[in-house]
Amino acid sequence: MLDIKRIRENFDEVAEGLSRRGAEIALAETARDLDVKRRAIVVQADELKTQRNARSKEIGALKKAGQNTDAVQADVRLIGEQIAALDEELRQTEEALETSMLRIPNVPCKTIPTGPDATANRVVRSWGSTPSFTFKPLDHIALGEKLGLFDLPRGVKITGSGFPLMKGAGSKLQRALVQYMLDMHTEKHGYTELLPPFVVNSASMRGTGQLPKMAEDMYHCEIDDLWLIPTAEVPVTNYHRDEILESKLPIYLTAYTPCFRREAGSAGKDTRGILRVHQFDKVEMVKFVEPETSYDELESLVVNAEAVLQGLGLHYRILELCSGDISFSAAKCYDIELWAPGQQGWLEVSSCSNFEDFQARRLNCKYRDATGKARLVHTLNGSGVALPRLVIAILEQLQQEDGSVLLPEVLRSYMRGMEKLMPMA
RNA sequence: GGAGGGGUGUCUGAGUGGUUUAAAGAACCGGUCUUGAAAACCGGCGUGCCGCAAGGUACCGGGGGUUCGAAUCCCUCCCCCUCCGCCA
């Protein structure tokens with residue numbers, strides 16, 4: 001959520017930012033008008049409340065003195081009725097204001113490229129090189145079948161399409177990757193590991209912005225009004241919801257969780273294999289930082305995610321997303337994409353974003369600055385990284401002519417010494 | 001799931017309808033004193049909203065109600081504790 005004061009005082013700047021995104025300026029205009037109305041009502045209601053408080057005290061004093069209070073009581077009753085009417089009007093105005101504020105996306109950072117969609121994203125850097133093969137590389141589905149890493153038809157039988165079932169060395173590889181990433185972030189990058197609930201309440205979903213907009217894309221348990229998390233960002237960021245942080249910033253948290261996404265619109269393209277699924281595993285990184293440092297923190301967040309891929313020796317590139325392609329809450333975002341030789345394309349495995357105070361405002365998460373004043377923190381998060389596509393890239397980039405897949409050095413201890421994934425006999 | 005007891009500021013804790021603008025203590029911050037520290041004393045010490053400010057207003061787990069007036073009474077939900085039931 002944006003700061004209403006920013007809309008009130010710097011409307012043109014907000015409007016320009018929204019138009020760079022392709023968002024409607026009308027939303028901000030509505031908010032601006034409702035804010036004017038709201039403040040007028042507050043002034044009026046507060047004045048009446050001052051009167052009521054004063055006159056109510058008179059009644060107390062009169063009663064103590066044993067005097068009749070009928071006249072004053074009638075007055076106060078009248079004031080009370082006026083207040084009730086104003087409060088109701090205020091409630092409606094605030095509700096309308098809240099509704100429009102929740103629909104306004106974040107203002108993009110000034111420095112990011114302007115453009116309508118992914119075509120305007122900028123490649124910032126790449127690492128490694130495109131592997132060349134003396135044979136025709138297979139895609140991950142063929143490799144997974146030959147190596148016996150997953151059994152997708154049985155996942156369909158047990159649950160439905162998009163619920164992959166990993167098996168044997170495939171499930172072990174997932175487990176190894178989770179361990180490898182968590183160990184790296186906790187031991188080398190200074191993150192504290194959490195193992196949070198995978199199911200959260202509606203307040204948490206609102207805190208990070210999934211509700212109200214994304215309700216249709218999430219799994220909901222109606223009887224308890226609880227939601228399956230679409231990303232660890234939700235429980236981990238809500239860790240500090242409704243708090244004034246007394247500990248020193250920055251705070252770095254990381255967590256492994258499964259992620260559940262209904263993604264109603266995904267039928268058709270990319271539905272084969274484990275590229276786009278309803279349940280997948282991910283290691284997430286979340287930062288709570290001082291506003292002045294958040295853009296530096298974004299750079300180091302990306303570097304933390306890159307270290308995972310560099311350790312595995314995988315070819316990747318970093319994109320700086322343009323104004324039209326960043327997510328609703330983000331002010332700036334880098335995507336990390338892995339090269340997938342089997343499909344001759346780039347796969348997004350991480351999205352690292354600075355939300356500035358956009359998330360912290362709904363989250364009600366503050367810290368104390370040097371003067372002791374409570375200020376909103378800046379929040380960031382990034383995948384570090386998402387697993388199915390990482391597995392795809394490992395299989396496709398590291399496949400050998402004999403049909404095996406050479407495991408990166410760093411994974412071997414986690415795989416109990418295994419060096420290669422071998423085809424089934 | 002059932003029965004009972006609770007939820008007040010950073011913490012402890014008073015407050016069961018009317019100067020409560022929430023007592024008191026502790027912690028914390030600043031000051032005095034001191035060579036320095038401790039102690040003592042003085043002052044400060046929640047969050048939001050409106051306002052240039054002075055100030056006003058709201059908040060005692062959340063929501064609703066009764067009343068001229070609610071931390072206080074009623075309803076409801078959430079959470080914590082104790083006991084019982086169930087259980088990986």
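Derivation of every value follows stated rules applied to the coordinates shown; laboratory data play no part. Every value quoted in this text rests on a predicted model; they were computed, and no experiment measured them. When we count neighbours, we look across all protein chains shown, and the Cβ atoms used for this are built from the backbone with ideal geometry, even at glycine.
Observations, loosely collected:
- Most mobile listed residue (A:Glu348, A:Glu337, A:Glu24) in chain A, GNM with C-alpha springs under 10 Å: A:Glu24
- Most mobile of A:Phe163, A:Phe260, A:Phe135 in a GNM of chain A (Cα contacts under 10 Å): A:Phe135
- A Förster distance of 25 Å, applied to the separation of the beta-carbon atoms of A:Ala74 and A:Val42, puts the FRET efficiency at 0.45.
- Proximal lysines to A:Lys37, defined as alpha-carbon separation beneath 21 angstrom and excluding residues fewer than eight positions away on the same chain: A:Lys5, A:Lys49
- The charge dipole of chain A, taken about its Cα centre with unit charges on the Cβ atoms of Lys, Arg (+1), Asp and Glu (-1) only, comes to about 560 debye.
- For A:Pro291, net neighbour charge (Lys/Arg +1, Asp/Glu -1) across residues whose Cβ lies under 14 Å away: 0
- Cα centroid separation, the range A:388-422 to the range A:291-310 (Å): 27
- Long-range lysine pairs (8 or more apart or interchain), the range A:104-252, Cα under 24 Å: 8
- Taking the number of Cβ atoms within 10 Å of each Cβ as an exposure proxy, the fewest-first ranking of A:His278, A:His140, A:His220 is A:His220, A:His278, A:His140.
- For the pair A:Asp225 and A:Asp3, label points projected 7 Å from Cα toward Cβ lie 3.3 nm apart.
- Prolate/oblate/rounded label for the range A:140-287 (Cα gyration tensor, a/c 1.5): oblate
- Nearest-0.05 FRET efficiency for A:Glu401 and A:Met424, computed from C-beta distance (R0 22 Å): 0.80
- Rel. contact order, % - alpha carbon contacts under 8 angstrom, at least six apart, chain A: 20
- Placing +1 on the Cβ of every Lys and Arg and -1 on the Cβ of every Asp and Glu, with nothing else charged, gives the range A:1-77 a dipole about its Cα centre of roughly 520 debye.
- For chain A, convex hull of alpha carbons as volume per residue, Å³: 181
- In this calculation the C-beta distance from A:Leu62 to A:Ala84 is compared with R0 = 30 Å, giving a FRET efficiency of 0.80.
- Counting beta carbons within 10 Å around each of A:Val385, A:Val405, A:Val72 and listing the fewest first gives the order A:Val72, A:Val405, A:Val385.
- Segment A:Arg122..A:Met214, full-extension length gain: 30.4 nm, with 0.36 nm per residue of separation and the alpha-carbon distance subtracted.
- Antiparallel DSSP beta bridges within chain A, as percent of all bridges there, nearest 5: 90
- For the range A:317-386, a simple Cβ point-charge model (Lys and Arg +1, Asp and Glu -1, everything else neutral) yields a dipole of about 520 debye relative to the Cα centre.
- Springs join every pair of Cα atoms under 10 Å in this Gaussian network model of chain A, and among A:Ala84, A:Ala176, A:Ala360 the largest mean-square fluctuation is at A:Ala84.
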